[in-house]
Amino acid sequence: MPNIRVCALFRPLNVKEISDHGDTVCIRAVDSDSFVLKDDKEEEFEFHFDRVFYQRSEQANVYEFLALPIVKGAVEGVNGAIVTYGQTGAGKTYSMEGPSIMDCDENKKGLLPRVVDGLFSAIRLSDEMTKYTINLSMVEIYMERVRDLFDLSKDNLLIKETKARGIFVSGATEICISDSAEALRSLSIGIANRAVGETQMNMASSRSHCVYIFTIQKELKKEKRSGKVILVDLAGSEKVEKTGAEGRVLEEAKTINKSLSALGNVINALTGSPQGRANHIPYRDSKLTRILQDALGGNSQTSLLCCSSPSPSNASESLSTLRFGARAKHIKALAHVSLKEDEDTKSPGALPVIKNESCERIL
Ligand code: ADP
Ligand code: MG
């Protein structure tokens, strides 16, 4: 059974949300892995995750829980993936990059700079006989086309597989990084290129998936091993308006929806339905799942961070994000509906009376 952690993260309220609803939030914490969300119809849903990061969480804690085990594994040749999911504005990029990739407060640093530091410190701790090489690629998936973020002229790259390399983006630039400062400089070039590409194509970055691939080669005497850490800042998961969307906006929404469902289906198949693990894992259903193939299955480690706003204005998108996470892991009886008519039977101070419903219906 692959090791998959599914976590929820609530970013702090923003100025607009505070001006609309004051400091009211639509969630009530139960403990470090459970909470209750109230939607705009006043229905309550209880969720359990591997860990919940509430509004005041430290980025360091997110890193330690989600990414550190993956970093340690990658140095030993085990692949891993860290994926941020959620509607636009929910905190995916902030969780990945922090407020700025290059210079920001130590405590605000995001997952990417921490992964870089983690890789280099794991290497420093290893014995001197072992030689390590770390390569970095950055690609973007937009409308099922894979583009090199270190060289924008390389568009529509193919994903290939060989015995020696596993799955890789053929022709993507690989930058050999030898220390944290160099890695951050390269990451900031890729991030700046993404913005250039956006303008060229008149596309919002929230409509594409950004994929960061670190490949770590370990060489001791004649033995060679390689591990990967793939970080993915997914396209916004929000539904487009049922009416009004047409042309490219509709096409974008359809492809995003297709790849996000493909990701959910792969994680779902890997973690196994209550009846057992599926035989067929549908990696080939999207470019995203194909790139992630050998970082999701087998003995790899995966972390999914479901980012949401805690504001009542975003309750329905937050609910759909959290359901995605819950469904991905088959966490049984995860979300229960507490129907309002149960209100009277509540004992003081207790959680709302939960009406058990089948997972399928609710999720
Ligand atoms: P997304 O990438 O999901 O579209 P962002 O990460 O860009 O969303 O976040 C949207 C806004 O919220 C940004 O202005 C960001 O600075 C702010 N934000 C997100 N997460 C946090 C956080 N944990 N702490 C403080 N501000 C945050
Ligand atoms: Mg973003």
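The numbers here are math on the coordinates, done by the rules we state, and not lab data. Since the model is a prediction, treat every value here as computed from it, not as a measurement. Note that we place each Cβ from the backbone using ideal geometry, even for glycine, and neighbour counts take in every protein chain shown.
Side notes on the structure shown:
- Against the chain, whose longest principal axis comes from its Cα atoms, helix 180-201 is set at around 70 degrees.
- Per the Debye formula on identical point scatterers at the alpha carbon atoms of the stretch 1-102, with no solvent, log10 I(q)/I(0) at q = 0.10, 0.14 Å⁻¹ is -0.35, -0.65.
- Site pair A164 and E58 shows an inter-label distance of 4.4 nm when each label is modelled 7 Å from Cα along Cα→Cβ.
- Assigned charges on the beta-carbon of Lys, Arg, Asp, Glu; the chain dipole about Cα centre (debye): 1360
- Gyration tensor verdict on the stretch 120-195 (Cα atoms; rounded if a/c is under 1.5, prolate if a/b is larger than b/c, oblate otherwise): oblate
- The chain: angle of helix 111-125 to the longest principal axis, Cα-based, in degrees nearest 10: 50
- Peptide ranges 183-189, 290-296 listed from the most packed, as the mean C-beta count within 10 angstrom indicates: 290-296, 183-189
- For the chain: relative contact order, % (alpha-carbon pairs under 8 angstrom, 6 or more apart): 28
- Subtracting the Cα-Cα distance of V15 and R28 from 0.36 nm times their residue separation leaves 2.6 nm of extension gain.
- Label point distance in nm, N156-S100, each placed 7 Å from Cα along Cα→Cβ: 3.8
- Peptides 126-137, 254-265, 156-167 ordered by average Cβ neighbours within 10 Å, highest first: 254-265, 126-137, 156-167
- Gyration tensor verdict on the stretch 60-185 (Cα atoms; rounded if a/c is under 1.5, prolate if a/b is larger than b/c, oblate otherwise): oblate
- Between 0 and 90 degrees, the angle of helix 247-271 with respect to the longest Cα principal axis of the chain falls at about 90 degrees.
- Per-selection Rg to Rh, the chain - Cα, Kirkwood hydrodynamic radius: 0.97
- Among T271, T24, T93, residue whose mean-square fluctuation peaks in a GNM of the chain (springs only between Cα atoms under 10 Å): T24
- Approximating the spin labels as points 7 Å out from Cα along Cα→Cβ, the T88-to-D127 distance works out to 5.3 nm.
- Calculated [θ] (222 nm, deg cm²/dmol) that DSSP helices of n ≥ 4 give over the chain, each run adding -39,500 (n - 2.57): -9500 deg cm²/dmol
- Cα convex hull of the stretch 1-58 - mean projected area over all directions, nm²: 5.3
- Cα gyration tensor shape for the stretch 81-129, rounded if a/c is under 1.5, else prolate or oblate: oblate
- GNM result for the chain, Cα springs below 10 Å: residue of L119, L13, L322 fluctuating most strongly: L13
- Counting neighbouring Cβ atoms within 10 Å and putting the fewest first, the residues F214, F150 line up as F150, F214.
- C104, C176 arranged by Cβ crowding within 10 Å, fewest neighbours leading: C176, C104
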